[in-house]
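*Asks:* Attaching a single structure in structure tokens format; questions to follow.
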Amino acid sequence: MADNQESIVNKEENLMDESPFLKLKRFQWWLLVAINIFFLIAGQAAAVLLGRFYYDKGGNSQWMATLVQTAGFPVLCFNFFHFTFHQNLALLYFVLGVLVAGDNMLYSVGLLYLSASTYSLICATQLAFNAVFSYFLNSQKFTALILNSVVTLSLSAALIAVNDNSDGPSGVPKGKFLIGFLCTLGAFALYSLLLSFMQLSFQKVLKKETFSVVLEMQIYTSVVASCLSTIGLFASGEWKSLQHEMEVFGTGSVSYVLTLVWTAISWQVCAVGVVGLIFVVSSLFSNFISTLSLALTPLAGVIAMLLALCGFAAYIYQNYIDDKKARRLQNHVREIQHTA
């Protein structure tokens with residue numbers, strides 16, 4: 001009995017020694033968590049809104065929509081010369097990159113064929129998937145509070161979908177709707193598996209104590225996923241229609257390019273937050289925040305509209321000031337001429 005207790009104590013001590021964040025003060029740890037939460041929520045909200053905008057305005061390339069989800073990785077290479085690449089990690093990054101590319105493709109097909117409400121309703125299942133994978137792969141301990149969080153957030157995501165009045169794609173045949181449904185369900189299942197697999201990689205393989213490992217994983221997996229997506233873009237022949245797609249885009253060619261660029265950047269910001277939360281906390285917590293951001297995505301649209309209105313109001317007010325100054329100057333000139 002004593003030997004068993006001693007073994008348990010030793011295991012707990014080893015787990016504590018492996019944690020790179022015990023050296024941080026409490027407020028530093030919470031600050032790191034808060035920064036990653038902000039990256040995830042802001043990036044995902046912007047990326048989802050831009051992705052819907054791309055399809056709504058005439059974009060229909062599934063492979064392009066897949067590619068932009070990882071093609072923005074160069075924005076993370078500002079500290080590239082300090083990164084190291086080990087040959088023994090090549091297989092790990094390749095497998096993760098393949099999973100990311102597959103998940104992104106499933107996501108793109110689902111978003112193309114499903115309405116926003118149906119898509120959000122299926123999104124409510126990802127926490128359940130992640131809970132199962134976390135239990136088996138990451139030895140996640142489930143308490144009453146954690147189970148309550150899983151159920152509550154899943155129900156909230158479902159309620160948001162039910163109350164969503166978006167029309168979504170029109171004229172989609174039942175066959176393609178079924179494809180979209182299955183692809184979306186598969187995307188969230190694969191996404192949950194990917195998060196748990198990343199946490200397992202941090203715990204068992206990478207074992208680094210600096211946050212640079214998050215950027216390294218994101219960059220190297222994005223390189224693999226982007227290469228596979230590019231191959232798919234050319235192999236499918238969709239690249240031939242991109243010029244026409246840009247020309248007939250609802251808001252113009254410049255808007256088309258900017259939409260793709262900012263979508264790519266937004267997904268990278270989101271990905272850093274996702275992987276960062278896995279590194280700092282756990283895959284299940286990262287998925288909690290992803291589901292929470294679902295509720296904040298419509299709010300992001302409202303905020304964007306308010307910012308646009310503020311900008312318009314500022315422009316009108318500036319014109320009012322300029323017109324007032326011009327009238328004063330004109331009246332002053334008339335008074336001088338009248339006096340003369």
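The values are calculated or read from the model by the stated rules, or taken from the named source; none is laboratory data. All figures in this text were calculated on a predicted structure; none of them were measured in a lab. Here the Cβ positions follow ideal geometry from the backbone for every residue, glycine too, while neighbour counts run over all protein chains shown.
*Asks:* In the same structural domain as Y135 (by the TED database), under 21 Å from Y55 (Cβ atoms), among the hydroxyl-bearing types (S, T, Y) and buried (at least 22 other Cβ atoms within 10 Å of the Cβ): which single residue out of S229, S192 fits that description?
*Replies:* None of the other options fit; the residue is S229.
*Asks:* Sticking with this structure for a sec: Between residues in segment 122-147 that are without any contact (Cβ under 8 Å) to a residue 40 or more places away in the chain and closer than 17 Å to I289 by Cβ and residues that are part of a helix (DSSP H, G or I) and β-branched (V, I, T), which pairs lie under 7 Å by C-beta distance while being six or more apart or on different chains?
*Replies:* Correct list of pairs: A128/V150.
*Asks:* Now for a separate question. Give the residue, chosen from T251, T210, that is more than 19 Å from I122 (Cβ to Cβ), modelled with pLDDT under 85, β-branched (V, I, T) and surrounded by fewer than 18 Cβ atoms within 10 Å (Cβ to Cβ).
*Replies:* Going through T251, T210 in turn, just one is more than 19 Å from I122 (Cβ to Cβ), modelled with pLDDT under 85, β-branched (V, I, T) and surrounded by fewer than 18 Cβ atoms within 10 Å (Cβ to Cβ): T210.
*Asks:* With respect to A90, is the statement that it is at pLDDT 85 or above and buried (at least 20 other Cβ atoms within 10 Å of the Cβ) true?
*Replies:* no
*Asks:* Can you find a residue that is at pLDDT 65 or above, within 30 Å of V248 (Cβ to Cβ) and in a helix (DSSP H, G or I) anywhere in segment 27-44?
*Replies:* Within segment 27-44 (the criterion being at pLDDT 65 or above, within 30 Å of V248 (Cβ to Cβ) and in a helix (DSSP H, G or I)), the answer is yes, since at least one residue qualifies.
*Asks:* Quickly run through segment 49-85 and pick out the residues that are part of a loop (DSSP other than H, G, I, E, B) and at pLDDT 80 or above.
*Replies:* K57, G58, G59, N60, S61, V68, Q69, T70, A71, G72
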